[in-house]
Amino acid sequence: MNLDSATIAALAAHLETCEREARDTPKITDEHPGMDWDDAYAIQDEILRRKQARGARLVGYKAGLTSHAKMRQMGVDTPCFGFLVDEFCVPEGAEIPAGALIHPKVEPEIAFILKHPLRGPGCHAGAVLAATECIMPGIEVIDSRYRDFKFDLKSVIADNTSAARFAIGGRAVPVDRTDLRTLGVVLEKNGQVAATAAGAAVLGNPAVAVAMLANHLGARGLEIPAGSIVLSGGVTEAIAVEAGDHVTLHLHDLGSLSLRFA
Ligand code: OOG
Ligand code: MG
């Protein structure tokens, strides 16, 4: 770690205030070029601690930048991980006030709901499938707090990987009832197809992303608890949305899920 605890707390307060007030900021590595990976996750942890102190509940975790489409779009080549709290979760079909967000984008996600905890090191896709109650379609609304959505990996990790809102819905299907790799993904915006892919776009199999998350947490002495929602990462590039837009995700035999922006 290169940053002291006061700096970590100040950066967490700054980023979380930007989130809550829908204000953007230059990326934090501009002022703190020596920041390392542990510093970045420590800032993210401190944002979670601030939210929990106000009564937020941890409901799961997310992997991000797990598809080439996302890595290419954001100019990075490594996945990253963040947390999900209840205040990010919106119901299927919800209308999201765009004014509460800076420059939202939506991305199709394959959500895993766990029935058993997962703990690395050594977690693998098979262990993920055995621990999964069901998978469901998910839409994540990301909203980087960084100006023009421009960041490096350390800055985006500190910013809880742009997490802002998410919904899960459609049909919950046991993992052995579907093929995660050939699961077809169609994202529509305002009734037009905006992006298409298949589950294999996420690291060959989205269960691999969940295993990576468990190994990442395991290295830090944490696990993914039973009952968690895990977003395995945007399957396609993220699509910008604004007030008046509506989006629908169709996930092959897992049904559809919609959100509106007002
Ligand atoms: C980082 C968040 C990435 C995903 O699914 O790839 C993410 C970003 O692109 O702003 O959630
Ligand atoms: Mg995502």
Whole-Hz ³J(HN,Hα) from phi, Karplus 6.51 cos²θ - 1.76 cosθ + 1.60, for segment 139-155, glycine and proline x: 10, 9, 9, 9, 7, 3, 7, 8, 3, 6, 6, 9, 7, 10, 4, 5, 4
Residues of type aspartates and glutamates that residue 51 reaches as a straight line, Cα spacing below 17 Å, ignoring anything fewer than 8 places off in the same chain: 16, 19, 21, 86, 87, 159
Value of [θ]222 nm, deg cm²/dmol, for the chain, DSSP H segments ≥ 4, -39500 (n - 2.57) each, nearest 500: -8000 deg cm²/dmol
Percent accessible area from carbon and sulfur atoms, the chain, protein chains only, probe 1.4 Å: 51
Non-local Lys pairs in segment 57-261, i.e. 8 or more apart or on different chains, that have alpha carbons under 17 Å apart: 9
Packing-based order for 36-49, 133-146, 13-26, using average beta carbon neighbours within 10 Å, highest first: 133-146, 36-49, 13-26
Accessible surface, the chain, averaged per residue in Å² (probe 1.4 Å): 40
Accessible area in the full protein assembly, largest first, 1.4 Å probe, for 150, 27, 51: 150, 27, 51
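The values are calculated or read from the model by the stated rules, or taken from the named source; none is laboratory data. All figures in this text were calculated on a predicted structure; none of them were measured in a lab. Neighbour counts are summed over all protein chains in view; Cβ atoms, including those assigned to glycine, are modelled from backbone coordinates with ideal geometry. The protein model used for the area step is the full one, side chains on, heavy atoms only, and it has no ligands, DNA or RNA in it. Shrake-Rupley method; radii C 1.70, N 1.55, O 1.52, S 1.80 Å.
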